[in-house]
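A quick write-up on the structure given underneath.
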Amino acid sequence: SSGINAEYGGRVKDREQSFRQQVKEIFLYSSFLLETLILMYIWFFVGLSYYGFNFGWGSIVPDRYLAYLMASVGELIAYFGIVPLIAYLGRRRAMLLMLLFAAVFFLIAIPDVPLIKDSRWTLESVCCLVGVIFVSGAFAGVYLWTAELAPTSHRGSIFTLCSGTARVGSFLGPYIFNNLRPVTHKAVPLGIMALLSFLGAVGGFFLVETGDKETALTGEDVATRRKSYRYRL
């Protein structure tokens, strides 16, 4: 029993040392570090906005249960729609489109415009439900993009870092609508979401397209890949 425990403890220690070594290697190449930080930010934003809205529908849409039903339908549209969109536009353009459209709809949601007379449905209610479709699409798309951007030698470590930042975002998201919204103007949380989404699109612009390209094996391959890449929409 003691021998098994010692062997298990040794394996755990080796994994921890391997992860630390891989994180250190990220800092050896500036382009590798840049891509990792951008991916971490995008994961942070999609986690923050996804859970922020899903825990805040009660203050955005007049009927909480109808809101969750419509949001669920929107998620299905996003998950089934992102696949052909990525196949047609590529990973990079599809992600930029998702993040930019999310920012646009969050901005449109700021004016206080009632849509139906004698009803609590407003422009904000509809635009937020539509905006979350694009957030869900970005959440699904970033999984594929991360797997292809991360070199084989560091893929597990990159997913660990990105997933960690997404968890931080998911913890902070509910506070935006449940705590920040009641004490400020509604433009504040929506403006924050729009700004963060736009910054995610700006960051995504500086990542590379990975569709039909060879997967990088090491951090050095990432640096080489970026040297010859032309940034354009």
Centre separation in Å (Cα based) which lies between the stretch 64-108 and the stretch 142-215: 14
Going from most exposed to least, what order do Y175, Y143 have by accessible area with a 1.4 Å probe? Y175, Y143
Distance in nm between pseudo-label sites at S18 and S119 (7 Å out along the Cβ direction from Cα): 5.6
Going by alpha carbons, how many degrees (0 to 90, nearest 10) lie between the helix axis of 187-205 and the longest principal axis of the chain? 40
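At R0 = 35 Å, how high is the FRET efficiency between D112 and L89 if r is their beta carbon distance? Nearest 0.05 is fine.
That gives a FRET efficiency of 0.50.
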Over the chain, what is the mean sequence separation of C-alpha contacts under 8 Å (at least six apart), divided by residue count, expressed as relative contact order in percent? 35
How do M98, M70, M40 stack up against each other in accessible area, from largest to smallest, with a 1.4 angstrom probe? M70, M40, M98
Sequence-distant residues sharing a close amide H with T122 (under 5 Å, placed H): L115
Measure nothing but the geometry: give the 0 to 90° angle between the long axis through the Cα atoms of 30-54 and the longest principal axis through the Cα atoms of the chain, rounded to 10°. 40
Can you list the HN-Hα couplings for the stretch 124-135, worked out from phi with the Karplus curve (6.51, -1.76, 1.60; θ = phi - 60°), rounded to whole Hz and with x for Gly and Pro? 4, 4, 5, 5, 5, 5, 6, x, 5, 4, 5, 5
Helix 64-89 sits off the longest principal axis of the Cα atoms of the chain, rounded to the nearest 10 on a 0 to 90 degree scale, by 50
Taking the chain and counting helices only, DSSP H stretches of n ≥ 4 at -39,500 (n - 2.57) each over all residues, the nearest-500 ellipticity at 222 nm comes to -25500 deg cm²/dmol
Return one whole number: the accessible area per residue of the chain in Å², for a 1.4 Å probe. 53
Label of the coordinate-derived value, semi-axes √(5λ) of the Cα gyration tensor in Å, listed as [x] 28, 18, 17; [y] 36, 22, 15; [z] 42, 19, 18: [y]
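The values are calculated or read from the model by the stated rules, or taken from the named source; none is laboratory data. A quick note: this is a predicted structure, and the numbers were derived from the prediction, not measured. Quick reminder, even Gly has a Cβ in these numbers, built from the backbone with ideal geometry, and neighbours come from all protein chains shown. The accessibility values were calculated without ligands, DNA or RNA, using every heavy atom of the protein model including side chains. Shrake-Rupley method; radii C 1.70, N 1.55, O 1.52, S 1.80 Å.
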